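The values are calculated or read from the model by the stated rules, or taken from the named source; none is laboratory data. Just so we're clear, the structure is a prediction, and the values are computed from it rather than from any experiment. Ideal geometry is used to build each Cβ from the backbone, glycine not excepted, and the neighbour counts take in all protein chains shown. Please note that ligands, DNA and RNA were not included when accessible areas were found on the heavy atoms of the full protein model with its side chains. Shrake-Rupley method; radii C 1.70, N 1.55, O 1.52, S 1.80 Å.
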Amino acid sequence: MSCSSCTTDKSGTPKGCKSNGNCATGTCGSGNKLAVFDWLSNMTLPTGEAPFNIFEVRFKNGRKHFYKNPENLTLSMGDVVAVEGSSGHDVGIVSLAGELVKVQMKKRKVTADSEEVKKIYRKASQKDIDAWQEARDRELETQRKGREIISRLGLKMKLSDVEYQGDGTKATFYYTADERVDFRQLIRDLASAFSIRVEMRQVGMRQEAARLGGIGSCGRELCCSTWLTDFRKVNTAAARYQQLSLNPLKLAGQCGKLKCCLNYELDTYLDALQSFPKQDKVLKTEKGDAVFVKMDIFKKLLWYTYKEESFKWYKLSLDQVQEIIELNKNNELALPLEEYELEMAEETSVDFENVVGQDSLTRFDVPKKGRKNNRRNKRKPTSKKEVIQKPSNQRPKRKPQGKTVKTEEGQKVEKKRVDNRKPKPKNNSKNRKPEVKQGDKQQGQKKPNNQRRKPNNQQKKNNNDNKNNTNNEK
């Protein structure tokens, strides 16, 4: 379900309503705060009972009010209607109809005879919708000029939002201020600048954050702008009970106040702390007095330290601490905390278990070795043991076999061969003569560096010179 402005044009590109969450159908984001699904819409009423004649109408930023339908108009959720205003008329969207409106009125403590319940004039015509859209387009420019007027007058207030009435004759300016502000001159200047009736309405920091919206530190949209309607007081005691550090940067929300979510789990912590001793309780042992340091509420662990030796902390269970307190009530000293700490057997917690053949979680932590180092290690083995002997492809030598000779009796006998070859002399390092090249037989030494082989160009020149010398001699 979507409004007509969310469709595509002839070229296929989406138009986009640009209403920033305030879609006419209430399905484009957080514009419809705490939208209620009418699950009784398909059910028929008992015979002789008339339908409930009060409707819930939504305006900008999720503001909702209840209106009567004296004309008995056929209205349904999503219809744009013109309703009674403080002077003139306003334009809103029907957000809830039927029997569920009774539940919402009871929840907000609004009766059907109350003065807050005004009338619905008619379904909004095209002229009403055009005037309403034109007034909505003027809100940003009005807010910018209004801030300029406030800064010129030097008032200590912050203009957070502007909301025009549906007929464009009245505007409501929402502001925040820490002190009381005299804005009589401001109202005159705003009325003369925009030619409208002006209404100033002060809101708190939390209401301002709810109207503007945003993303919290948890990564989700702010609770106050999505579903939270009642703003309860939040104290620093809620952070102390939950063992949180009193850091204002972490505990404060976008409104600058303490986060509303500090109250969500407070009751659970208070129930768990009932079995814990008071933090100012001193444990008396044979070694000395021990004082409280910190605790883990859900694991039921407490840390204590001696007054004289505060550098060492001892971890104790809740049962052990209660045992020591009972001994102290009977005027008995408990054993030193070291012995209580040894009694606690720590269970090894398995963070990861390879059940169905998963890879190790730390398989990417080991750095890869470079290829260059592997090549060097292959070329230059560090020890003889690392050298791998390659198997030789040569065939094994056969043993010499003797000839078969027949004897006089007719038996065949193998005649062994006799090896008449001279044994080769052993290559001893003492008897070995130094190798001498042919060109150096006379000297018996190697050529010096200067007489070594010359390059090819020099050899050719020397050969040509030798030939010329021989021809001249002839």
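Quickly run through region 145-164 and pick out the residues that are among the acidic types (Asp, Glu) and either out of contact with any strand residue (DSSP E or B) (no Cβ under 9 Å at 6 or more places or on another chain) or open to solvent by less than 10 Å² (accessible area, probe 1.4 Å) (or both). Of everything in region 145-164, just one residue is among the acidic types (Asp, Glu) and either out of contact with any strand residue (DSSP E or B) (no Cβ under 9 Å at 6 or more places or on another chain) or open to solvent by less than 10 Å² (accessible area, probe 1.4 Å) (or both), namely GLU148. Number of residues in region 64-83 that are surrounded by fewer than 15 Cβ atoms within 10 Å (Cβ to Cβ) and either of a type in the set (Asp, Glu) or free of Cβ contacts under 8 Å to residues at least 12 places away in the same chain (or both) equals 2.
Considering every residue within region 91-108, establish whether at least one is open to solvent by less than 90 Å² (accessible area, probe 1.4 Å), under 30 Å from ASN42 (Cα atoms), β-branched (Val, Ile, Thr) and touching a helix residue (DSSP H, G or I) at 6+ places or on another chain (Cβ under 7 Å). Checked region 91-108: at least one residue is open to solvent by less than 90 Å² (accessible area, probe 1.4 Å), under 30 Å from ASN42 (Cα atoms), β-branched (Val, Ile, Thr) and touching a helix residue (DSSP H, G or I) at 6+ places or on another chain (Cβ under 7 Å). I'd like the full set of residues that are in contact (Cβ under 8 Å) with a residue 60 or more places away in the chain and out of contact with any Lys or Arg (no Cβ under 8 Å at 6 or more places or on another chain), limited to region 148-193. Matches in region 148-193: GLN165, GLY166, ASP167.
Whether any residue in region 284-295 is without any contact (Cβ under 8 Å) to a residue 24 or more places away in the chain, farther than 30 Å from ASP178 by Cβ and assigned to a loop (DSSP other than H, G, I, E, B) is what I want to check. The answer is yes; a qualifying residue exists. Close Cβ contacts (under 6 Å, 6 or more residues apart or on different chains) running from residues in region 329-344 that are within 15 Å of GLY288 (Cβ to Cβ) and hydrophobic (A, V, I, L, M, F, W, C) to residues that are in a helix (DSSP H, G or I) and at pLDDT 90 or above comprise ALA334/ILE324; ALA334/LEU327. In region 251-272, the residue that is surrounded by the most Cβ atoms within 10 Å (Cβ to Cβ) out of those that are over 27 Å from ALA177 (Cβ atoms) and either over 22 Å from the mean Cα position of the chain (by Cα) or modelled with pLDDT under 90 (or both) is LEU266. Residues that are open to solvent by 40 Å² or more (accessible area, probe 1.4 Å), part of a loop (DSSP other than H, G, I, E, B) and modelled with pLDDT of 90 or more: does region 221-234 have at least one? For region 221-234, residues open to solvent by 40 Å² or more (accessible area, probe 1.4 Å), part of a loop (DSSP other than H, G, I, E, B) and modelled with pLDDT of 90 or more: absent. Checked against the criterion of being surrounded by fewer than 14 Cβ atoms within 10 Å (Cβ to Cβ) and within 16 Å of SER275 (Cα to Cα), the candidates PHE298, PHE292, PHE311 yield just one match: PHE298.
A count restricted to region 117-135 and to residues that are open to solvent by 60 Å² or more (accessible area, probe 1.4 Å) and not aromatic (Phe, Trp, Tyr) stands at 9.
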